[in-house]
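Let me begin by presenting the structure, written as structure tokens, before commenting on it.
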Amino acid sequence: MDVKLINPFLEAITTILPQLGFKEINRRGLSVKEQLLASQGVTVMIGITRGVKGNVAYNMSADTAKKVASTIMMGMPVPEMDEMAQSALSEMVNMVTANAAINFEKQGLSVDISPPSIVVGSEYTVQVSNTKYLALSLLIDSEPIEVNVSLGV
């Protein structure tokens, strides 16, 4: 996987998240992982097709997911990962990934994205890729989020 394929996501995250109420976005690192992703509690998957193909999995703990959902919903308390909180997270992922798609278009790579799928729970793994993929670790308003990107041209 080409590490340059992660840059559209970094740009999208730093563009979209401040618009949703997040104040601080910090990169913690980039690593290479193999095929499966162990859930931290909440995983939102989205597919990418056409000029770039693959999957992106946004992975975070349930506590982080609740704080993220609360921020997106303008501070509304989120005591559990109910339908409203899941919808807020899915919409955030949709917005970030759509913005990344626009960034790919600027590079001459036409892409489409699928609707996001969300899984809540910590006792499962998700196959992100058939081979290796890149895991971008972030701190967003001091909350750890991992963006797992498995894309190819």
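Read-outs throughout are calculated quantities, based only on the coordinates presented, and are distinct from any laboratory measurement. Keep in mind that this is a model prediction, so the values were computed, not measured. A quick note on method: Cβ atoms are made from the backbone with ideal geometry, for glycine too, and the neighbour counts reach across all protein chains shown.
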Fill in the blank from the handout: Once both label points are put 7 Å beyond Cα along the C-beta direction, the E80-V3 separation in nm becomes 4.4
Problem - Mean ellipticity per residue at 222 nm, deg cm²/dmol - from DSSP H runs of n ≥ 4 across the chain, formula -39500 (n - 2.57) - result: -10500 deg cm²/dmol
Exercise for the section: Please report the Cα spread of the range 51-140 along all three principal axes, rounded to whole Å, starting with the longest. Expected result: 42, 29, 23
Problem - Taking L5, L109, L36 and counting other C-beta atoms within 10 Å, the order from fewest to most - result: L36, L109, L5
Problem - Exposure proxy order (Cβ contacts within 10 Å, fewest to most) of M84, M45 - result: M84, M45
Fill in the blank from the handout: Ordered by fewest other Cβ atoms within 10 Å, a rough proxy for footprinting exposure, T97, T14, T71 read T14, T71, T97
Exercise for the section: Of the listed pairs K23/K53; K23/K106; K4/K33; K33/K67; K106/K132; K23/K132, which have alpha-carbon separations greater than 28 Å here? Expected result: K23/K53; K23/K132
Problem - Inter-centroid distance (Cα atoms) of the range 72-96 relative to the range 1-44, Å - result: 17
Problem - 5 Å-binned pair-distance histogram of the range 3-152 (Cα, whole percent) - result: 2, 10, 21, 24, 22, 14, 6, 1, 0
Practice task
Would you kindly derive the ³J(HN,Hα) couplings of the range 53-67 from the backbone phi angles with the Karplus curve 6.51 cos²θ - 1.76 cosθ + 1.60 (θ = phi - 60°), listing them in order in whole Hz, with x for Gly and Pro?
Solution key: 10, x, 10, 10, 10, 8, 10, 7, 6, 4, 5, 4, 4, 5, 5
Handout entry: Full-extension gain in nm, E11 to I102, via 0.36 nm per residue minus C-alpha separation
Key = 31.7 nm
